[in-house]
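Report on the structure given below.
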Amino acid sequence: MKRPRPESSDALALFGVTGDLAHRMIFPALYELAKRGALAVPIVGVAYSHWDLARLRRRVEDAVARFAGGALDRPALRRLLGLLRYVDGDYHDPDTFQALKHALAPARRPTHYLAIPPSLFATVIAGLGAAGLAGGARVVVEKPFGRDLDSARRLNEIARSTFPDDSIFRIDHYLGKEAIMNILYFRFANSFLEPVWNRDRVASVQLTLSERFGVAGRGSFYETAGCLRDVVQNHLFQIVALLAMEPPARRGFGAVHAEKVKVFQAMRPLQPGDLVRGQYEGYREEPGVAKDSDVETFCALRLHIDSWRWAGVPWYLRSGKRLASTAAEILVELKPPPQRLFADSAPAAGRPNYLRFRLSPGHAIALAARVKRVGEAFVGLQRELFLLDKQPGEEPPYARLLADALAGRGALFTRADAVEAAWAVLDPALKRHGPARPYRPGSWGPRQADELIAPHGAWHNPAPSGDGPRR
Ligand code: BG6
């Protein structure tokens, strides 16, 4: 039986409206929706910054000018500015929620977007419940969802005590990226991949998310998070889940969610010896950062997925700020042929064959294969069969996810059990780990990261541009 379509929200309440996330991501996304004529609900900004509506409008104009890209669509911006309202108040004060209720009236199904520090989630959710603003409403919660397994469980309990499960939208903007949605599609829309996609043919998997920039003014947030909580538990783990999951049993995202959870459940809890933490030189001088901070701005980890498909295959994940380039790439290294029929066959010479997914910047998929060099000798080179997928019209992930949340479509959001299972993997390493090792800005992190991967080769460093095959 077909399930009835969820009703669309008739208002958006945006908590943390004066913050950095709203400025950089949410306002440009709302503008994008306004440009497409897909936004017609009132937007009530909430914060405790002593702003007024005029100041909020100026902030939205600034965000659109700085972060939206493309020629300015003045009518769309005007429409967006016309939808804005502003409520100023302390989240601990019930009057703030009464003022919000007043500003939202007569909405019956608002979406409440919590673009606020995780430490305030519980307060705001309780405030919404007490003010009678939760019935028929949805809540969108930013990552990191909790800061370890216990806090994530508590947060799930609090959210569920006030909102039904299918009204809780845990956002991870990586799930709204085309290159990442394509992992799911590419794996299960093709038939050639499955026979090699397992422990028999795959030697190891690497995933790098590197950034040239530092904490970029977010020092105080970063001090509460660090790389593991900021990008590994969510963005990187979501990518691993899509790469490692079993085929869903049926069409529909419920089945995809169910398979993704099983990947996290099969991951071995991370041990200190499987983790290298790093900190770029100069991090402690960033505003908002403690002079003796041990927070990691880099991490490299070795994961084991103890499933029938992946037992024995190491997964290496690496991410960091102030590294040599800004790029995200996956490399699935295949096992060498069983016999060395040619002098230069892997593993003796060169890298073995691999499949490479370029996630950003640019989308590409490459399959490395050896081909014979012209000449008498049977020796060759490794070349890439290279597919550059430049398709116009990709929606920014926040626009896609905001539209989905407003429409009540939960496919691209994370389920409570998945969030908890992912934290369960990191939990031991969050509690007990080695010190953050210093590294030079512009490098690929501390040398201990190279030592971590050494038993299975070396890191593959993604190039700054993904527009061509790798030589
Ligand atoms: C965010 C993190 O979730 O993702 C940032 O908080 C990180 O620290 C960002 O830079 C990376 O996202 P993207 O889309 O730029 O790769």
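The values are calculated or read from the model by the stated rules, or taken from the named source; none is laboratory data. Quick caveat: nothing in here was measured; it's all calculated off a predicted structure. Quick reminder, even Gly has a Cβ in these numbers, built from the backbone with ideal geometry, and neighbours come from all protein chains shown. We work out accessible area using only protein heavy atoms, side chains counted, and drop any ligands, DNA or RNA first. Shrake-Rupley method; radii C 1.70, N 1.55, O 1.52, S 1.80 Å.
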* **Condition met for Ala418 (more than 25 Å from Phe213 (Cα to Cα), out of contact with any Asp or Glu (no Cβ under 6 Å at 6 or more places or on another chain), crowded, with 22+ Cβ neighbours inside 10 Å and not hydroxyl-bearing (Ser, Thr, Tyr))** => yes
* **Hits in the range 361-394 - residues which are surrounded by 17 or more Cβ atoms within 10 Å (Cβ to Cβ) and within 22 Å of the chain's Cα centre (by Cα)** => His363, Ala364, Ile365
* Taking the condition more than 25 Å from Pro314 (Cβ to Cβ), within 10 Å of the ligand (Cβ to nearest atom) and assigned by TED's automatic domain parsing to the domain that holds Gly320, does Val215 pass? -> yes
* Asked: Could you give every pair whose Cβ atoms fall below 7 Å, whose first residue belongs to the range 160-178 and is over 14 Å from Lys143 (Cβ atoms) and open to solvent by less than 20 Å² (accessible area, probe 1.4 Å), and whose second residue is more than 10 Å from the ligand (Cβ to nearest atom) and part of a helix (DSSP H, G or I), counting only separations of at least 6 or pairs across chains?
  -> none
* Asked: Could you count how many residues in the range 142-156 are modelled with pLDDT of 95 or more and either in contact with a strand residue (DSSP E or B) (Cβ under 7 Å, 6 or more places away or on another chain) or farther than 16 Å from Ile125 by Cβ (or both)?
  -> 3
* Structure fact -> Screening Gln238, Gln206, Gln233 for residues that are more than 16 Å from the ligand (Cβ to nearest atom), at pLDDT 95 or above, crowded, with 19+ Cβ neighbours inside 10 Å and under 23 Å from Ala424 (Cα atoms) leaves only Gln206
* Can you run down the residue pairs with Cβ atoms below 9 Å, 6 or more apart or on separate chains, where the first is in the range 443-459 and surrounded by 14 or more Cβ atoms within 10 Å (Cβ to Cβ) and the partner is in a helix (DSSP H, G or I)? => Trp444/Asp450; Leu452/Gly273; Leu452/Asp274; Trp459/Ala449; Trp459/Asp450; Trp459/Ile453
* So how many residues does the range 247-303 have that are in a helix (DSSP H, G or I), within 20 Å of Ile183 (Cα to Cα) and basic (Lys, Arg)? -> 2
* To do: Give, as residue ranges, the strands (runs of 3 or more DSSP E) completely inside the range 20-124 that count at least 2 residues that are surrounded by fewer than 21 Cβ atoms within 10 Å (Cβ to Cβ).
  => 84-88
* Residue that is nearest to the ligand (Cβ to nearest atom) [pool: residues in the range 156-198 that are closer than 16 Å to Leu114 by Cα, outside any helix (DSSP H, G or I) and among the hydrophobic types (A, V, I, L, M, F, W, C)] -> Ile171
